[in-house]
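Beneath this line is the structure, given in structure tokens, with notes to follow.
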Amino acid sequence: MKRIGIIGAMELEVKQLKEKMRIERIVEKAGMEFFVGTLHDIDVVIVRSGIGKVNAALCIQILADVFQVTHVINTGVAGSLNADLDIGDILISTDAIQHDIDVRVFGYQIGEVPQLGYREFVANKEMVRIAVESCKEVNPDVNVRTGRVLSGDQFISNKDVKENLITTYHGDCVEMEGAAVAHGACLNHIPFVIIRAISDKADDSAEMDYPTFEKAAAKHSAALVEHMVTSL
Ligand code: SAH
């Protein structure tokens, strides 16, 4: 049976979805509240993981072990690394990389988790396709693109750091959870997609832009997820 896990790092990223769902029970684990129920008659578990890769990894493992989710969607906001992605636009993941891992000294690629055998966590192609189509239906005025998500335990708000991420990893957006969700999803063989609305440009203006645009951006992403669950 299909059951979709929906993870947002912050309350504002999942609030709207929780308000729309029919809640059957709330399970608390690792300081997170897992809202179990249905969204448009589809079984879902919606949860705020908290910020950063460790929280995201704990969260996806609980979704796998305790709730046996069959699909995972990570919704939220991100900084843009692509000149074609402006504030308010949406990026759907093709793959994700942890940009703060560096074990090159032992022959690994930068960003590669040692002994895993690959660096990029590849999103489920069918989920990507459905996300793009849903976006066109729900947010017809919003520019949507597919591309690479970079995640690390840092808020990127510096032009030089941003440029370095672009040249090193060819990322399209940067945030702090997606690749950890992706890593956990891959290890548990659960198809996933990351959906991120752009809240800032990860440069010297990010500190100002982020608080201004986070709410509107998070809403775009959540609206898309709401529509998407019915098509999965
Ligand atoms: N305002 C929060 C902190 C937000 S951290 C507080 O005060 O507690 C930024 C969040 O948005 C993370 O969840 C991350 O995934 C995402 N994000 C948006 N823009 C980002 C950027 N430029 N760099 C890194 N993460 C970003």
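Brief remarks on what is shown
- Only listed residue being surrounded by fewer than 23 Cβ atoms within 10 Å (Cβ to Cβ), in contact (Cβ under 8 Å) with a residue 40 or more places away in the chain and hydroxyl-bearing (Ser, Thr, Tyr), chosen from 70, 38: 70
- Matching option when the condition is over 22 Å from residue 16 (Cα atoms) and in contact with a His (Cβ under 6 Å, 6 or more places away or on another chain), among 81, 116, 150: 150
- Among the conditions (1) assigned to a helix (DSSP H, G or I); (2) more than 10 Å from the ligand (Cβ to nearest atom), the only one that residue 162 does not satisfy is (2).
- For residue 213: the one exception among (1) over 15 Å from the mean Cα position of the chain (by Cα); (2) more than 11 Å from the ligand (Cβ to nearest atom); (3) under 18 Å from residue 13 (Cβ atoms): (2)
- Cβ separations smaller than 9 Å between residues 6+ apart or across chains give the following pairs from the range 194-205 residues that are of a type in the set (Val, Ile, Thr) to residues that are assigned to a loop (DSSP other than H, G, I, E, B) and crowded, with 24+ Cβ neighbours inside 10 Å: 194/123; 194/177.
- From 182, 131, 123, residue being in contact with a Ser or Thr (Cβ under 6 Å, 6 or more places away or on another chain), touching a residue at least 60 places away in the same chain (Cβ under 8 Å) and aliphatic (A, V, I, L, M): 123
- Count of the range 98-112 residues, restricted to those that are over 18 Å from residue 175 (Cβ atoms) and assigned to a loop (DSSP other than H, G, I, E, B), is 7.
- Residues that are away from the ligand (no atom under 12 Å from the Cβ) and of a type outside the set (D, E, K, R), drawn from the range 216-232: 216, 220, 222, 223, 224, 225, 227, 228, 229, 230, 231, 232
- Residues satisfying the stated conditions in the range 2-18, i.e. surrounded by fewer than 21 Cβ atoms within 10 Å (Cβ to Cβ) and either free of Cβ contacts under 8 Å to residues at least 40 places away in the same chain or of a type outside the set (A, V, I, L, M, F, W, C) (or both): 2, 3, 11, 15, 16
- Across the range 178-210, the qualifying residues are those that are among the acidic types (Asp, Glu) and in contact with a strand residue (DSSP E or B) (Cβ under 6 Å, 6 or more places away or on another chain), and the one among them that is farthest from the ligand (Cβ to nearest atom) is 209.
- Qualifying positions in the range 18-37 - more than 16 Å from the ligand (Cβ to nearest atom) and not in a strand (DSSP E or B): 18, 19, 20, 21, 30
- Condition check for residue 63: under 24 Å from residue 129 (Cβ atoms) and touching a Leu at 6+ places or on another chain (Cβ under 7 Å): no
- Of the residues in the range 175-196, at least one is under 19 Å from residue 48 (Cα atoms), among the acidic types (Asp, Glu), surrounded by 18 or more Cβ atoms within 10 Å (Cβ to Cβ) and modelled with pLDDT of 95 or more.
- Only one of the listed residues (63, 85) is buried (at least 21 other Cβ atoms within 10 Å of the Cβ) and either of a type in the set (Asp, Glu) or part of a loop (DSSP other than H, G, I, E, B) (or both). That residue is 85.
The values are calculated or read from the model by the stated rules, or taken from the named source; none is laboratory data. None of these values were measured; they are calculated from a predicted model. Note: ideal-geometry Cβ built from the backbone for every residue, glycine included; neighbour counts use all protein chains shown.
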